[in-house]
Amino acid sequence: MPNTARWAATITLTATAVCGPLAGTALAASSPTALYAPSSLVFTTGHGEIAAEATPERAVTLNCAPTASGTHPAAVSACAELRAVGGDFDALAARSDVLCTREYDPVVVTVDGVWQGKRVSYERTFPNECVKESYGTTVFTY
């Protein structure tokens, strides 16, 4: 075998030996049987009674798997609260230690994304900002 052909065969075999396992790992990591189900949410807030008519004033992201991250100011606490209620936003109860005025200045919150691999689309209107922030400890506080 000429030297050029030998070098080409050696380089090809070496590349296959080195990169082959890496390609298999990349394919395994992107397979549907990953180690955790994705949890990635986008929260928006705006003043108004329904999201379709409210202009979004603030938006944050929250990723809870594999670790808590995102632009939510208290990502770790918010993820812990959501895990405690199984991702059910309606199960977040108002804190009893918060006193809010009875003024009506509606704030609408929307949450869209994925929680533990399942599609989430949530909308809730609170009477005012104080009431919104009293639900849970940190989920709606952003």
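Mind checking whether some residue in region 84-93 is under 14 Å from the mean Cα position of the chain (by Cα), more than 24 Å from Ala37 (Cβ to Cβ) and open to solvent by 30 Å² or more (accessible area, probe 1.4 Å)? No - not one qualifying residue is present in region 84-93.
Does region 2-24 include one or more residues that are surrounded by 10 or more Cβ atoms within 10 Å (Cβ to Cβ) and at pLDDT 50 or above? Scanning region 2-24, I find no residue that is surrounded by 10 or more Cβ atoms within 10 Å (Cβ to Cβ) and at pLDDT 50 or above, so the answer is no.
The values are calculated or read from the model by the stated rules, or taken from the named source; none is laboratory data. What you see is a predicted model; the values in this text were computed from it and never measured. We place every Cβ from the backbone using ideal geometry, glycine too, and count neighbours over all the protein chains shown. In case anyone asks, the SASA skips ligands and DNA or RNA and just uses the protein heavy atoms, side chains included. Shrake-Rupley method; radii C 1.70, N 1.55, O 1.52, S 1.80 Å.
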